[in-house]
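Okay, so here's the structure we're looking at.
The values are calculated or read from the model by the stated rules, or taken from the named source; none is laboratory data. Since this is a predicted model, take the numbers as computed values, not measurements. Note that we place each Cβ from the backbone using ideal geometry, even for glycine, and neighbour counts take in every protein chain shown. For the accessible areas, the whole protein counts, side chains as well, though only heavy atoms, and no ligand, DNA or RNA atoms are used. Shrake-Rupley method; radii C 1.70, N 1.55, O 1.52, S 1.80 Å.
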Amino acid sequence: MFERKFDSAAEFISSRMKDKPEIGMITGTGLGSVAERISVDFNLPYSEIPHFPVSTVEGHGGKLIFGELAGKTVIVMDGRFHIYEGYSPWEVTLPVRVMATLGIEYLFISSAAGGLNPQFNSGDLMIVTDHINLTGTNPLIGPNLVPFGPRFPDMSQAYNPDMVLIGREKALELGILIRQGVYAGLSGPSLETPAETRFLRLIGADAVGMSTVSEVIVGIHCGLKVMAIAAITNINLPDCMSRISIEQVIETAHKAGSSLSLLWEKIIRGMPH
Ligand code: HPA
């Protein structure tokens, strides 16, 4: 049943597309500015696409953007879906399957995250090198969709190591300070307590957020090359936790978003052909 949903959404979209997209991008909270760098071919509101969920969150758009960025054909999800909105992990990741069906080879993910590594500062960008799935679920639970990938997808190199290197190199060229580290993905929507924050740091996480991991798992299942960059919008230190407001998260994400979109463009321009 789900396969048919991906297929009919993909069919609807591909009847409007001129070129096969190479890259799918997902923007995060307050991080829509990459969309401004795209030479847009056309937009599709999520509400017009069969079976697509709609974003319910502040700071998130609600459309697919088709166009060109740094000479490559891209689809950008302006606004994503989260488990905390009440969507199932299947629904959250449906757009990734649709983009994979449309032919993307790369999945580039942006997200806002809380920093756990005490060396990080608010506003930093972090290339994700690995994750810990603490959402309590997995988008691959259920019958395996054999045409997409195997029952037990390998996750030993989920975040493409070549892309991590390219990301670091391009950040250096742009003079952007870049961090790298492990992203812990939680369902949210409540933020973490000091005890949870201490736990996350102890188990090896450098940043914490409420997205990314489900999308990455499905991206890997579909055989995509995945890269993720988190904008650190606040710093969570268990011994001196400060209050976190969504306004602060969005404002810091907006500021970090302009360097992040420059970086994505440079990464895409520098990708192997
Ligand atoms: N925790 C979880 N998700 C987040 C945070 C945080 O501190 N900041 C931005 N997204």
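Just checking, how many residues over region 10-58 are part of a loop (DSSP other than H, G, I, E, B), open to solvent by less than 70 Å² (accessible area, probe 1.4 Å) and over 29 Å from ALA231 (Cβ atoms)?
Within region 10-58, residues that are part of a loop (DSSP other than H, G, I, E, B), open to solvent by less than 70 Å² (accessible area, probe 1.4 Å) and over 29 Å from ALA231 (Cβ atoms) number 2.
Give me the pairs: first residue in region 197-213 and without any contact (Cβ under 8 Å) to a residue 40 or more places away in the chain, second residue within 12 Å of the ligand (Cβ to nearest atom) and acidic (Asp, Glu), beta-carbon distance under 9 Å, and six or more apart or on different chains, which are they?
Listed by first residue and then by second, the contacts come to PHE199/GLU192.
If a residue has to be among the hydrophobic types (A, V, I, L, M, F, W, C) and within 16 Å of the ligand (Cβ to nearest atom) to count, how many in region 64-115 make the cut?
Matching residues across region 64-115 total 6.
For region 226-266, which residues satisfy the criterion of being surrounded by fewer than 21 Cβ atoms within 10 Å (Cβ to Cβ) and touching a Lys or Arg at 6+ places or on another chain (Cβ under 7 Å)?
Correct list: PRO238, GLU265, LYS266.
Among the residues of region 188-204, how many are closer than 29 Å to PHE152 by Cβ, touching a strand residue (DSSP E or B) at 6+ places or on another chain (Cβ under 8 Å) and assigned to a loop (DSSP other than H, G, I, E, B)?
Final tally of qualifying residues: 2.
Would you mind stating whether LEU140 is modelled with pLDDT of 95 or more, within 16 Å of the ligand (Cβ to nearest atom) and either under 21 Å from GLU215 (Cα atoms) or open to solvent by less than 40 Å² (accessible area, probe 1.4 Å) (or both)?
no
Name the pairs: first residue in region 174-192 and within 13 Å of THR135 (Cα to Cα), second residue open to solvent by 40 Å² or more (accessible area, probe 1.4 Å) and charged (D, E, K, R), Cβ to Cβ under 8 Å, at least 6 apart or on different chains?
TYR183/ASP130
Taking PRO118 as the residue in question, decide whether it is in a loop (DSSP other than H, G, I, E, B), over 15 Å from the mean Cα position of the chain (by Cα) and within 16 Å of the ligand (Cβ to nearest atom).
Criteria met by PRO118.
Just need a number here: residues in region 205-225 that are open to solvent by 10 Å² or more (accessible area, probe 1.4 Å), in contact with a Lys or Arg (Cβ under 7 Å, 6 or more places away or on another chain) and either under 13 Å from LEU94 (Cβ atoms) or part of a helix (DSSP H, G or I) (or both).
Residues meeting the conditions: 1.
Give the residues of region 187-199 that are at pLDDT 95 or above, within 9 Å of the ligand (Cβ to nearest atom) and open to solvent by less than 60 Å² (accessible area, probe 1.4 Å), sorted by residue number.
GLU192, THR197
Among (1) part of a loop (DSSP other than H, G, I, E, B); (2) of a type outside the set (D, E, K, R); (3) open to solvent by less than 40 Å² (accessible area, probe 1.4 Å); (4) closer than 23 Å to ILE104 by Cβ, where does GLY123 come up short?
(4)
If only one of ILE132, ILE83 is open to solvent by 20 Å² or more (accessible area, probe 1.4 Å), under 14 Å from the mean Cα position of the chain (by Cα) and more than 18 Å from ARG168 (Cβ to Cβ), which one is it?
ILE83 is the lone residue from the list that is open to solvent by 20 Å² or more (accessible area, probe 1.4 Å), under 14 Å from the mean Cα position of the chain (by Cα) and more than 18 Å from ARG168 (Cβ to Cβ).
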